[in-house]
Amino acid sequence: MLDGNLDSSSDISESKVWFALYHPKADVRRTTLRDINSSGILKNKAFVSEGLVDIQEAILRQLDDKDLTVVQATLNVDGLQNVLGASKLIETLQTVLRRCVGKLLSGSTDNVSLTGEVAVTCLKKAISYFHDHSDYLKNIAAMIFPLLLAMPQTQGLNLKALVLLNKFNWPLYQNVAVSSSEETTLILGSLSSINLKVINNLASNFMAHPEDNIVWFVESCNDSELSKTLFFFVLLQSLLLVKSKGDGFSALFKSVFPILKAELESLVNAGDFLLDEFNSEMLDWDCSSFFDHLLYANLRPLNAKVMVCIFWRLISALMSAESFGNRLDDSMIKDLFVFFASSKFKHAFREHLHFLAAQCSVSPSRLLSKFFTDEGVPAAVQVESLQCYAFLCSLSQDKWQTELLAEFPS
């Protein structure tokens, strides 16, 4: 047994299994796992329950093994759910998948093919074990989500994930899957075209029930920068959809604004990158304009730039909704102005502030004067409102100049 020779279930004892799985040689651990699988002992609940704690610890150790061939052999053992239980198993599969994706993105793996195979096995096992367990569907969907954004370093895994969606039913993923016959064709195609199609379909599905879907997005993207990138791309495309419809904007704004605000503030507090001044060319961008940045694994600066565009789309959609005759709550305009004016990235939002003050249905003097007459307004916001006054007066519209000066708070 210690040499990896496991003949039959009758020869097995819990201690033999335990010692073999802790053998210093990876090939012995790997062979032992294959023998365990062929014997089917982990499907024997009596055997498992007899030494559950020790066997569980040993199996978890193999799933965290430095040698991915050992990890792969462990994943292929039948009866893992009997040893680990559903909750621990799904958690462990998520951990192994994150490890593999991290290696692929960072280029730190010595065997790209094996790392990708282990990642795919994690997805297959998760779907196989839990596709009919409603309590764990959210977990599986969260595992798959970041892989729907095709990256140069992970494109093989990305395409496998898109094919596996055919075996997994999740409302947000409707019309996102590709057939196995399409996989080869897509490999030869452009990653940008794949990503744009996926993001457009995700955005369309998201907009079917935005308030419900946003909750899942926030939970699923919390600990993954790549998930956040895809989420922001989906939001950017979604705002293009809501702009054309002119309805439902108020509910969408109230759902996404606090999330975007908190996320950008966390990036500011981290202080590990600089955000360039807003480029007016970005006004007409969709998410495909950012795809070249996916060549690099540094996603935080990219996420910040996408959010700057999203905030512009929020303003644009707000103006569009009002042009359709949908009178919106003035507090949304005020909230946006205060956020832009008080942000440490305010230089990136200068054009946002000017456009918001000039184009919103609220008169500029009414909007800007509040920041002087209301109590508790931060000094930074008052300064920015003064600069907006100066900007509007420079537009040489006599009516505005007269109105602004006449209503300027004394």
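For the range 189-217, give me each residue that is β-branched (V, I, T) and more than 19 Å from F249 (Cα to Cα). Spell out the reasoning first.
Here is the first cut: in the range 189-217, the ones β-branched (V, I, T) are 194, 198-199, 214-215.
Result: I194, V198, I199.
Which members of the range 370-381 meet the condition of being over 13 Å from S343 (Cα atoms) and in a helix (DSSP H, G or I)?
Going residue by residue through the range 370-381, those that are over 13 Å from S343 (Cα atoms) are 370-377.
K370, F371, F372, T373, listed by residue number.
A quick yes/no check of all residues on (1) over 22 Å from V120 (Cβ atoms); (2) surrounded by 19 or more Cβ atoms within 10 Å (Cβ to Cβ); (3) modelled with pLDDT of 75 or more:
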| residue | (1), (2), (3) |
| --- | --- |
| N5 | yes, no, no |
| S13 | yes, no, no |
| F19 | yes, no, yes |
| Y22 | yes, no, yes |
| A26 | no, no, yes |
| R29 | no, yes, yes |
| I41 | yes, yes, yes |
| S49 | yes, no, no |
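Among the residues in the range 110-118, are any closer than 17 Å to I144 by Cβ and not acidic (D, E)?
yes
For L149, state whether it is surrounded by 19 or more Cβ atoms within 10 Å (Cβ to Cβ), without any contact (Cβ under 8 Å) to a residue 60 or more places away in the chain and under 22 Å from S190 (Cβ atoms).
No.
Quick one: count up the residues across the range 269-299 that are modelled with pLDDT under 70, part of a loop (DSSP other than H, G, I, E, B) and more than 17 Å from the chain's Cα centre (by Cα). Step through it out loud before you land on a result.
Keep residues of the range 269-299 that are modelled with pLDDT under 70, which gives 271-283, 297.
So of that shortlist, the ones also part of a loop (DSSP other than H, G, I, E, B) come out as 271-279, 297.
After this cut, where a residue has to be more than 17 Å from the chain's Cα centre (by Cα) as well, the list is 271-279.
Residues flagged as modelled with pLDDT under 70, part of a loop (DSSP other than H, G, I, E, B) and more than 17 Å from the chain's Cα centre (by Cα) within the range 269-299 amount to 9.
Does the range 364-384 hold any residues that are modelled with pLDDT under 85, of a type outside the set (D, E, K, R) and surrounded by 14 or more Cβ atoms within 10 Å (Cβ to Cβ), and which are they?
Correct list: P364, S365, L367, L368, S369, F371, F372.
Can you tell me which residues in the range 121-135 are farther than 18 Å from S224 by Cβ and assigned to a helix (DSSP H, G or I)?
T121, K124, K125, I127, S128, Y129, F130, S134, D135
Which of (1) modelled with pLDDT under 80; (2) within 25 Å of the chain's Cα centre (by Cα) does S320 not meet, given it meets every other one?
It fails just one condition, (2).
So, S108, is that one under 30 Å from C287 (Cβ atoms) and exposed (fewer than 15 other Cβ atoms within 10 Å of the Cβ) or not?
Spelling it out, S108 is indeed under 30 Å from C287 (Cβ atoms) and exposed (fewer than 15 other Cβ atoms within 10 Å of the Cβ).
Does the range 343-358 hold any residues that are touching a helix residue (DSSP H, G or I) at 6+ places or on another chain (Cβ under 7 Å) and surrounded by 15 or more Cβ atoms within 10 Å (Cβ to Cβ), and which are they?
S343, F345, K346, A348, F349, E351, H352, L353, H354, F355, L356, A357
Pairs, please: C-beta under 6 Å, at least 6 apart or cross-chain, first residue at pLDDT 95 or above and surrounded by fewer than 19 Cβ atoms within 10 Å (Cβ to Cβ) and in the range 61-79, second small (G, A, S) and not in a loop (DSSP other than H, G, I, E, B)?
So the pair list comes out as D67/A26.
Results for (1) outside any loop (DSSP other than H, G, I, E, B); (2) modelled with pLDDT under 90; (3) touching a Ser or Thr at 6+ places or on another chain (Cβ under 8 Å); (4) among the small types (G, A, S), shown as yes or no for each residue.
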residue: L147; (1), (2), (3), (4): yes, no, yes, no
residue: A150; (1), (2), (3), (4): no, no, no, yes
residue: L157; (1), (2), (3), (4): yes, no, no, no
residue: K160; (1), (2), (3), (4): yes, no, no, no
residue: L165; (1), (2), (3), (4): yes, no, no, no
residue: N169; (1), (2), (3), (4): no, no, no, no
residue: A177; (1), (2), (3), (4): no, no, no, yes
residue: E183; (1), (2), (3), (4): yes, yes, no, no
residue: L186; (1), (2), (3), (4): yes, yes, no, no
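The values are calculated or read from the model by the stated rules, or taken from the named source; none is laboratory data. On a predicted model such as this, the values are computed, not experimentally measured, just so you know. Every residue, glycine among them, receives a Cβ derived from its backbone with ideal geometry; neighbour counts consider all protein chains shown.
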